[in-house]
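Reading through the structure tokens given below for one structure.
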Amino acid sequence: MRNIILTGFMGTGKTAVGRVVAQQLDRVFVDTDAKIETLAGKEIFEIFTRDGQETFRNMEREVCRELSAKQDLVIATGGRTLIDQANRELMMKSATVICLTATRDEIIHRLNGTDVTTRPLLGEHPEAAIDRLLETRRATYESFPWRIDTTHLSIKEVAERVIEIAQERTFTVRYPGGEYEIKIGDGLLSHLGEMLKDKVSGRIAIVTNTIVAPLYAASLEESLRDAGLDPFTCVIEDGEEHKRLTTVEQLYEEFLAGGLDRSGTVVSLGGGVTGDIAGFAAATFMRGVKFVQVPTTLLSMVDASVGGKTGVDLTAGKNLVGAFKFPELVLIDPRVLNSLPDQEIRNGAAEAIKHGIIADLDLFDRLKEGPLTFTPELIERILKVKIEIVEEDPYEHGRREVLNLGHTVGHAIEQVSQFSVPHGAAVAIGLVAAARIAAELAHADHDLTAQVESALSAWGLPIKVPDLPIPEVIQALSRDKKRKNGRIRFVLPRKIGKVKVTENVSAEMIQSILQQMKGE
């Protein structure tokens, strides 16, 4: 419902693009100059020549006050409207502002032959006036976070990009000493450069894997180069078995060969494994460089890319070596989900269901019926469960531990299966085990187990233990990094939307539950 405002210099296409955007979104279009003419009962040229420019600017301020109180509009402003700081602050409170630009020569070409009565600021020497006005307004135009160069684009192409930006969802995650934004929107992947050019400098190392690189690495590099940035790509092997220190060492060598230094940035382009490895490398290379997350799997979008955890595995267990590394930005483009196999969508669904069990009954109810489309709105809803928790406990000294629901057994199953059981499937089994343990300890009713199993089954996720030696699973549990004072800590659901952490779960009880789940 936020307004969409198109601002920028004359001749960049604000009015033409605005009309197309309004038509496609079924919104009302408003041109501020046209509205001023209607209010004044005279053309802008007359206002300038008879009443003076200050009269026009006062009317412009009044129109801004009126429009800022409304919603669901597409607004094209005059070229100077949002250079006025008061107008800018007022309008941006209720709108997504996009600045349209074009090269000087293209603007002159588009305005060639313009009647001075429609462009009173051009005067008798339009080219000189354009040069002067562009120079005085350049800093303000460049300060808008969203800018589209319309020089080589059609009106339709610009309108499509405006709609993509307007539908983007942005929110902030705060941690001690800083904050970072998460941006979610269809088509954002190819516009990373726009979002980073004011945040980073130096060389940029894109860390991706052998599956993702052929799909998206080239377009990501192009986006960064178009924004004046200097990227190079490092490709690592895909899969949990490669989440080791040897892979991190490989990246260090490639960073050095690519000229990455302490002013540089590492961009992770891939799933949770790639993000963990790239983030750990970014946290430790030259004692830390900037880090950006571009997740390409549902699992990494709804969980792994947010919260700052990075790490690698040892033979003894998962994520036993790691560091907290908070990103500069997390960019989520749901369109890339279209390239994923169904198994990868199911893996992400397991984490999404987990978030519902932890703290969001309504979210669980949306997911429990089975496959649906993961829209930007739904991804945001899933993420907000985690964001609330990690903001309260960024370094896992307390409440953040609840995010490990399903992971204690899940990680052990992954390890014993030598990662033939995918993470999401392992977490699903872990969620069932946690629900059954909760029922056994009288922390939850038995119908909770049925609810959890039904939701997971609706997504085609496993609810039984695969053919693995249970004693080895118990042994892997004993090496879990979440244990304290030699005791295994379990997150257990009490009901949908509420969980608790306990140490009162014996190895014998776990073994009995897992054996039951295997034998059914």
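Could you look through the range 193-227, keep only residues that are within 22 Å of Thr310 (Cα to Cα) and assigned to a helix (DSSP H, G or I), and pick out the one that is farthest from the chain's Cα centre (by Cα)? Taking the candidates together, the pick is Ala213. Just one of the listed residues (Glu241, Glu253) is closer than 29 Å to Leu314 by Cα, of a type in the set (D, E, K, R) and free of Cβ contacts under 8 Å to residues at least 12 places away in the same chain, and it is Glu253. The conditions of being at pLDDT 95 or above, under 30 Å from His242 (Cβ atoms) and within 20 Å of the chain's Cα centre (by Cα) are not met by Ile184. Of Ile488, Ile470, Ile463, Ile429, all but one fail to be in contact with an Asp or Glu (Cβ under 6 Å, 6 or more places away or on another chain) and of a type outside the set (S, T, N, Q); the exception is Ile463.
This table checks each residue for (1) part of a helix (DSSP H, G or I); (2) in the same structural domain as Ala128 (by TED's automatic domain parsing); (3) surrounded by fewer than 15 Cβ atoms within 10 Å (Cβ to Cβ).
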{"residue": "Gly18", "(1), (2), (3)": "yes, yes, no"}
{"residue": "Phe56", "(1), (2), (3)": "yes, yes, no"}
{"residue": "Lys70", "(1), (2), (3)": "no, yes, yes"}
{"residue": "Thr96", "(1), (2), (3)": "no, yes, no"}
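If you go through the range 288-299 and keep only what is among the polar types (S, T, N, Q) and within 10 Å of the chain's Cα centre (by Cα), you end up with just Gln293. The C-beta contact set for the range 267-280 (first residue farther than 16 Å from Leu340 by Cα, second residue aromatic (Phe, Trp, Tyr) and surrounded by 24 or more Cβ atoms within 10 Å (Cβ to Cβ), distance under 6 angstrom, 6+ apart or interchain) comprises Gly279/Phe291. Highlighted here are the helices (runs of 4 or more DSSP H) found entirely within the range 313-428 that include at least 1 residues which are farther than 17 Å from Ile496 by Cα: 342-359, 376-392, 407-416. Only one entry in Glu388, Glu396 is over 21 Å from Lys318 (Cα atoms) and surrounded by fewer than 23 Cβ atoms within 10 Å (Cβ to Cβ), namely Glu388. The C-beta contact set for the range 84-95 (first residue within 11 Å of Ile5 (Cα to Cα), second residue among the polar types (S, T, N, Q), distance under 6 angstrom, 6+ apart or interchain) comprises Met91/Ser68; Ser94/Asn3; Ser94/Ser68; Ala95/Asn3.
The values are calculated or read from the model by the stated rules, or taken from the named source; none is laboratory data. What you see is a predicted model, and the numbers here were worked out from it, not measured in a lab. Cβ: placed from backbone, ideal geometry, glycine included. Neighbour counts: every protein chain shown.
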